[in-house]
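Rule-based calculations on the coordinates, nothing more; no lab input. These figures come from a predicted structure and were not determined experimentally. Ideal geometry is used to build each Cβ from the backbone, glycine not excepted, and the neighbour counts take in all protein chains shown.
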Amino acid sequence: MTPCWKRRLGNAFLLLVSLAVFWRTVAKVEPLWNWDVLGYMALALEWELDDPVEVHRETYAAARRELEPSVFDDLTSPDVEVRAARFRDPAAFTEHIAFYRARVLPTLLMSLLHRAGAPLSSAVWWLSLASFALTGVLIIVWLAGRVPLWAALTAGTLLAHAPPLLVTARFATADGLGTLLVCVGLYFFLERRRTALGAAVLTLSVLTRPDAVILIGLLAVTLVLLDRRAPQGGRVSPKLLGVWIVASALCYLGVQAHADEYGWWPLIQISFGPKAIHPAELSTAVDLGAYGKVLAQQLEEIPGGGYWGTPRQVTGSGFVFVYAGSVVLALASLREQLLAPRLRRHVAFLVALLATYLVRWLLFPQLWDRFLAPFYVLVPLAVVSLVVLAREDEDQNASKDVTPAITSS
């Protein structure tokens, strides 16, 4: 057996290596400025300013001061009609940022950073960068509860550098913070068994990305269905689940009302059709025929060459199918233990996670990395936990079988 001091020394060395790798990554990451940064800059200013015209003026003035001239020219390019219109017309600009306004938590944090002295564009991007680093720490902490520390440090550092997480670190969007909050909430919910705290953090994530309500609803439903088929042990309180669903739904409805958005169908039209200069004028009546064409067109692109991207550097990949396949294999290999009290939450979560991203694709059919970042983080973590818990249960059952035999002999 390795002496204790040697093990500690080895872990300390790996910790330093891990810190050095994260430090290097954070230092070398450069932002990818897409148009979203202007939307978030404006929404951060809305916490301070009431006049939409003034918000528009200050947003573009800050962008001109803080961004490279080539970046500013691209974001206001006269060759892209809708970008030029947003630059010229405060009304058109205000209509477009309504698509982002429901993300109240990140824009509040951006506003606080700006008031503390950070340049407005940096306040937006720094939040993404900090979320990436904290998510990396969480991955290591999660794994350290299930595997030896040296393995957690090594594997956690590698997992944190998966392309989807690095992408969230580069874009000035709410995706990084959304990923962090979902992962933190599930860490408490699954690993620490602090159900109320985990549920509260997951509900808080709705204030960052409102579509997090899909995972919350499906996880609650899956837990109820599994608990009904299983023995009493390990059940989650139905009253708590009910309060959680209601609270999350109220948060979702509240931020949607605050955003004064146009609904799901205008988002589909502006995302998969021509970019309307005035999205408030788009029809809100769902055209099922047009929606079917969008789904067919997006489905036709899968799997493609495995990787794809847009001219604006938004990337995606077919690795989602590999990760989904690993979940199916893990559940299939443990089929006789799936309803065991210690495993049931993880099983419910993995089933709910697969269902969530299927529903999300149907609602917005893009497999972009930054949308899938929580999936790529949580699948390996939850599968590791599930396998470790199953092995511990097997060992406990084996020891129980051996004990009576020893006693009788």
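Max-minus-min Cα coordinates of the range 1-103 on each principal axis give 71, 29, 21 Å, with the largest extent listed first. Classification of the range 125-237 by its C-alpha gyration tensor yields an oblate form. The axis ratio a/c (a ≥ b ≥ c) is 1.5 or more, and b/c is at least a/b. Angle of helix 212-229 to the longest C-alpha principal axis of the chain, folded into 0 to 90 degrees and rounded to 10: 30°. What residue among ARG170, ARG344, ARG235 shows peak mean-square fluctuation when the chain is described by a Gaussian network model with Cα springs under 10 Å? The residue that fluctuates most here is ARG235.
Compute the relative contact order of the range 128-223 as a whole-number percentage, counting only Cα pairs closer than 8 Å that sit 6 or more residues apart in sequence.
Details: 103 pairs, mean separation 25.0, N = 96.
Relative contact order of the range 128-223: 26 percent.
The spacing between the range 106-177 and the range 346-370, judged by their C-alpha centroids, is 21 Å.
For the range 6-59, just say rounded, prolate or oblate: build the C-alpha gyration tensor, square-root its eigenvalues into a ≥ b ≥ c, call rounded for a/c under 1.5, and beyond that prolate if a/b exceeds b/c, oblate if not. The shape class here is prolate. Working value for the range 66-193: equivalent-ellipsoid semi-axes of 36, 16, 13 Å, each the square root of 5 times a Cα gyration tensor eigenvalue, largest first.
Three principal axis extents of the chain based on alpha-carbon atoms, in descending order, are 89, 52, 42 Å.
Could you work out the relative contact order of the chain? I mean the mean sequence separation of Cα pairs under 8 Å and 6+ apart, divided by the number of residues, in percent. Walk me through the numbers before you get to the answer.
Details: 458 pairs, mean separation 73.1, N = 409.
So the answer I get is 18 percent.
In the range 203-332, a dipole from Cβ-located charges (positive for Lys and Arg, negative for Asp and Glu) runs towards its positive end, and of TYR252, VAL206, VAL221 it is VAL221 whose Cα lies farthest in that direction. Cα centroids of the range 257-334 and the range 11-76: 25 Å apart.
The ellipsoid that matches the Cα gyration tensor of the range 244-352 has semi-axes, each √(5λ) in whole angstrom, of 35, 24, 13, with the longest given first. Helix 36-46 axis versus longest C-alpha principal axis of the chain: approximately 80°, rounded to the nearest ten.
Quick check on the range 317-364: take the gyration tensor over C-alpha atoms, sort the square-rooted eigenvalues as a ≥ b ≥ c, and tell me if it's rounded (a/c under 1.5), prolate or oblate. Walk me through the intermediate numbers first.
Values: a/c = 3.62, a/b = 1.73, b/c = 2.09.
Taking the square roots of the gyration eigenvalues as a ≥ b ≥ c, the range 317-364 is oblate.
Do the sum for the chain: with -39,500 (n - 2.57) for every DSSP H run of n ≥ 4, divided by all residues, what is the mean residue ellipticity at 222 nm, to the nearest 500 deg cm²/dmol?
-23500 deg cm²/dmol
Sequence-distant contacts, meaning Cα pairs under 8 Å at least 6 residues apart, place the relative contact order of the range 86-189 at 30 percent. Using Cβ point charges alone (K and R +1, D and E -1), the dipole size of the chain about the Cα centre works out to roughly 1760 debye.
Both radii come from the Cα set of the range 52-122: Rg as radius of gyration, Rh as Kirkwood radius; their ratio Rg/Rh reads 0.97.
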